[in-house]
Amino acid sequence: MSVTPLDIETIVPPVKPAARTKIVATIGPACNTESKLLELFSTGVDVFRLNFSHGEFTEKAEVISILRKIEGKSKKPLTIMADLPGPKLRICKFEMGQTMLENGSLFTFDSQVDVLGTDSRIAVDSPEIFSALKVGDRILLDDGHIQVSVTEAFTDKCVCKVISGGPLKNRKGFNLPDSPLPASIPTEQDKEIIKFVLTQDIDAVALSFVQTPDDVSRARELIGDDLMIISKLEKPTALERKNLESIIDLSDGIMIARGDMGIEADVLKLALYQKDIASICRLRGKPCIIATMMLDSMTKALIPTRAEICDTANAVLDLSDATMLSAETAVGKHPNHVVSFMESLLSKTERSDHWMRNALMNRKQLAHTDSPKECGSVLEDHTPVGVVHSFRESDSLLKSARLIISKKDHKYQRDRIADSMAQAAVLVGEAIPARVIALYAHSLRDVQRISRLRPNADILAMTSDQHVARGLNFMWGVHPVFMTKEEYGQLSYSKIVDVCKTFPTRLHLLKDEEKIVFIGTKPIDVPNTYNRLRILNAKVE
């Protein structure tokens, strides 16, 4: 279905609807047409995810072309993220298509990929795993439904005892929660995908199964600095003290991929991991996406389960930057309805007293980041009991989080003036009160200083850098505005201020004469800092 310019102007609003928590939606057969993608964009999707575990490059290129057409007509930044598959561990095929693993029985995994599996053995397509396995390690098959334990380990096979059995079918995946992945990340398949991505108009790459900072560094060498790297936290190794801080610092954003994390890490601490990682990301000034099964039942149903509603609401209460839809939009029966429901749920939760208290707590915590001692005490005093309890008892991520926020951060120390100005802008906005904080952004960091504070006001970020404009769609509460040189000419401080007065009314954020807090620099070509704070009145053109 072709879409005329009139259709786009009618359907696509000039600004994102009410929710300030961003929405990432996965593209699949249910929504890969021009009309469906247009509906999703107009309903509130900020970032479109292309899952490169499925589909051909030609299909992806066609979808990218459609999305850029929609962006061009709407004049609103649209962000595309390529999600790399990473190392996928799978068993091979059985003679009969499947077998039944009985509790207590012995079963062998080997490297004979040309030999069909039987009731007592099956080959795996990644024989390098055997060098990483040791006696006592667990192997979880079929999303954790089947669990076996290694009783004998060799260089080309392993013998396992079935702890929790069940039917095992061809090509099912498996996880190694007790062993580091022997495969290098990015994988060879990932590298081929990256080559394709670099030929397309894509904004971010999601890196799967990140284990160490070296994984992110290797990806950066291939991808360069123009594309954002969103590191997906799935493996327990990534949650260890020695790795977590550097992974976050080297990445442009973090995705809490709860599917594999719930299989590989301690599932009983999954909710605590989510809360702590989201908190660390705000302290480090990096966007955080909560992913996996947010509204999964809506793949088929019109209304989600009560548990899913509470889960999604809690992601908002955790002050995450974004929530992600996977199968719900990719293969669901009514993807646009799911996005609309999520938009309403996010918005209503953000307007609650519970969210306001958490946002205020967050601002108090960030106000003390200059002092390691104060920051640690603030976190323990103001964090929910469950999280404080986890900080005191955990030996991996949760103690790591305490280390990170209590460690003097040279980046924040160096940028103390800019961070203080951002906090002042938020406080002034609350005192007036102003419903918009506006700024001109040279970089994502310029805006994240304010976004991480979770102000009551909307954030209007104007920029002449298209990469920055699209990257801002990952950040909580930000309305990005791309100012082309063709439309605005040579920018100056006075021109930015004049535009700032009219844009909020054009985007229907404010009415005439309502207050705006403007934060910026003079001259405007000085990045990563602020030296001006002004109160402006909105104007209708």
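The values are calculated or read from the model by the stated rules, or taken from the named source; none is laboratory data. Note that this is a predicted model, so its numbers are computed, not measured. Cβ placement follows ideal geometry from the backbone for every residue including glycine, while neighbour counts extend to all protein chains displayed. To get the accessible areas, we keep the full protein, side chains included, count just its heavy atoms, and leave off ligands, DNA and RNA. Shrake-Rupley method; radii C 1.70, N 1.55, O 1.52, S 1.80 Å.
Does Gly165 satisfy being surrounded by 15 or more Cβ atoms within 10 Å (Cβ to Cβ) and not charged (D, E, K, R)?
yes
Looking only at the range 518-541, filter to residues that are part of a loop (DSSP other than H, G, I, E, B), aliphatic (A, V, I, L, M) and farther than 20 Å from Asp419 by Cβ; which one of those is nearest to the chain's Cα centre (by Cα)?
Of all residues in the range 518-541, those part of a loop (DSSP other than H, G, I, E, B) come to 521-531, 538-541.
Then drop every residue that is not aliphatic (A, V, I, L, M), which leaves 524, 526, 538, 540.
Then keep just the ones that are farther than 20 Å from Asp419 by Cβ; that gives 538, 540.
Details: Ala538: 33, Val540: 36 Å.
Selected residue: Ala538.
One line per residue, one yes/no per condition, for (1) in a helix (DSSP H, G or I); (2) open to solvent by less than 40 Å² (accessible area, probe 1.4 Å); (3) within 14 Å of Lys515 (Cα to Cα); (4) free of Cβ contacts under 8 Å to residues at least 60 places away in the same chain:
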| position | (1), (2), (3), (4) |
| --- | --- |
| Ala418 | yes, yes, no, no |
| Gly429 | yes, yes, yes, no |
| Ile450 | yes, yes, no, no |
| His467 | yes, no, no, no |
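Is it the case that some residue within the range 471-489 is among the polar types (S, T, N, Q) and under 25 Å from Ser251 (Cβ atoms)?
Yes, there is a match, as at least one residue in the range 471-489 is among the polar types (S, T, N, Q) and under 25 Å from Ser251 (Cβ atoms).
Residue check: is Glu71 in a helix (DSSP H, G or I), charged (D, E, K, R) and open to solvent by 40 Å² or more (accessible area, probe 1.4 Å)? Walk me through it before giving the result.
Numbers: in a helix (DSSP H, G or I): yes; charged (D, E, K, R): yes; open to solvent by 40 Å² or more (accessible area, probe 1.4 Å): no.
The answer is no for Glu71.
Being open to solvent by less than 20 Å² (accessible area, probe 1.4 Å), out of contact with any Leu (no Cβ under 6 Å at 6 or more places or on another chain), part of a helix (DSSP H, G or I) and at pLDDT 95 or above is the requirement here; does Ile309 meet it?
no
As an exercise: evaluate Ile290 against (1) more than 14 Å from Met475 (Cα to Cα); (2) crowded, with 24+ Cβ neighbours inside 10 Å and give the number of the one condition it does not meet.
Unmet for Ile290, out of (1) more than 14 Å from Met475 (Cα to Cα); (2) crowded, with 24+ Cβ neighbours inside 10 Å: (1).
Does Ala123 fit the bill of being open to solvent by less than 70 Å² (accessible area, probe 1.4 Å), in contact with a Cys (Cβ under 6 Å, 6 or more places away or on another chain) and within 25 Å of Glu188 (Cβ to Cβ)?
Answer is yes for this residue.
When residues of the range 1-31 are filtered for being open to solvent by 30 Å² or more (accessible area, probe 1.4 Å) and at pLDDT below 95, how many remain?
13
Mind checking which residues of the range 455-474 are of a type in the set (Asp, Glu) and closer than 27 Å to Met356 by Cα?
Asp458 - this is the single residue of the range 455-474 that is of a type in the set (Asp, Glu) and closer than 27 Å to Met356 by Cα.
Taking the residues in the range 435-448 that are open to solvent by 10 Å² or more (accessible area, probe 1.4 Å) and of a type outside the set (Ser, Thr, Tyr) as candidates, determine which candidate is farthest from Asn473 (Cα to Cα).
Looking at residues that are open to solvent by 10 Å² or more (accessible area, probe 1.4 Å) and of a type outside the set (Ser, Thr, Tyr), I get Arg435.
Kindly provide the set of residues from the range 216-245 that are of a type outside the set (D, E, K, R) and either open to solvent by less than 10 Å² (accessible area, probe 1.4 Å) or within 19 Å of Gln274 (Cα to Cα) (or both), ordered by number.
Result: Val216, Ala219, Ile229, Ile230, Ser231, Leu233, Pro236, Thr237, Ala238, Leu239, Asn243, Leu244.
Restricting to the range 267-306, count the residues that are out of contact with any helix residue (DSSP H, G or I) (no Cβ under 9 Å at 6 or more places or on another chain) and assigned to a helix (DSSP H, G or I).
2
Would you tally the residues in the range 78-111 being assigned to a loop (DSSP other than H, G, I, E, B) and open to solvent by less than 10 Å² (accessible area, probe 1.4 Å)?
4
Return yes or no: is Ile256 hydrophobic (A, V, I, L, M, F, W, C), crowded, with 20+ Cβ neighbours inside 10 Å and not in a helix (DSSP H, G or I)?
Yes: the conditions hold for Ile256.
Please work out which residue is nearest to Lys88 (Cα to Cα), limiting yourself to the range 176-215 and to residues that are assigned to a strand (DSSP E or B) and open to solvent by less than 10 Å² (accessible area, probe 1.4 Å). Write out each step before concluding.
The first filter runs over the range 176-215 and keeps only residues assigned to a strand (DSSP E or B), leaving 204-210.
Still in the list and also open to solvent by less than 10 Å² (accessible area, probe 1.4 Å): 204-208, 210.
Details: Ala204: 21, Val205: 17, Ala206: 15, Leu207: 13, Ser208: 10, Val210: 13 Å.
Selected residue: Ser208.
Picking from Pro504, Pro480, which residue would you name as being open to solvent by less than 10 Å² (accessible area, probe 1.4 Å), in contact (Cβ under 8 Å) with a residue 12 or more places away in the chain and under 30 Å from the mean Cα position of the chain (by Cα)?
Details: Pro480 fails: open to solvent by less than 10 Å² (accessible area, probe 1.4 Å).
Checking each option against the conditions leaves just Pro504.
So how many residues does the range 155-202 have that are over 27 Å from the mean Cα position of the chain (by Cα) and within 27 Å of Gly97 (Cβ to Cβ)?
16
Could we say that Ile459 is at pLDDT 95 or above and either out of contact with any helix residue (DSSP H, G or I) (no Cβ under 6 Å at 6 or more places or on another chain) or under 21 Å from Leu319 (Cβ atoms) (or both) here? Break it down into steps so the answer makes sense when it comes.
Details: at pLDDT 95 or above: yes; either out of contact with any helix residue (DSSP H, G or I) (no Cβ under 6 Å at 6 or more places or on another chain) or under 21 Å from Leu319 (Cβ atoms) (or both): yes.
So Ile459 fits the description; yes.
Give me a count of the residues in the range 145-158 that are open to solvent by 20 Å² or more (accessible area, probe 1.4 Å), part of a strand (DSSP E or B) and either in contact with a Phe, Trp or Tyr (Cβ under 8 Å, 6 or more places away or on another chain) or of a type in the set (Lys, Arg) (or both).
From the range 145-158, those open to solvent by 20 Å² or more (accessible area, probe 1.4 Å) are 145, 147, 149, 151-157; that's our starting set.
Filter once more, so that each one left must be part of a strand (DSSP E or B): 147, 149, 151-153, 157.
Restricting the remaining residues to those that are either in contact with a Phe, Trp or Tyr (Cβ under 8 Å, 6 or more places away or on another chain) or of a type in the set (Lys, Arg) (or both) gives 153, 157.
Result for the range 145-158: 2.
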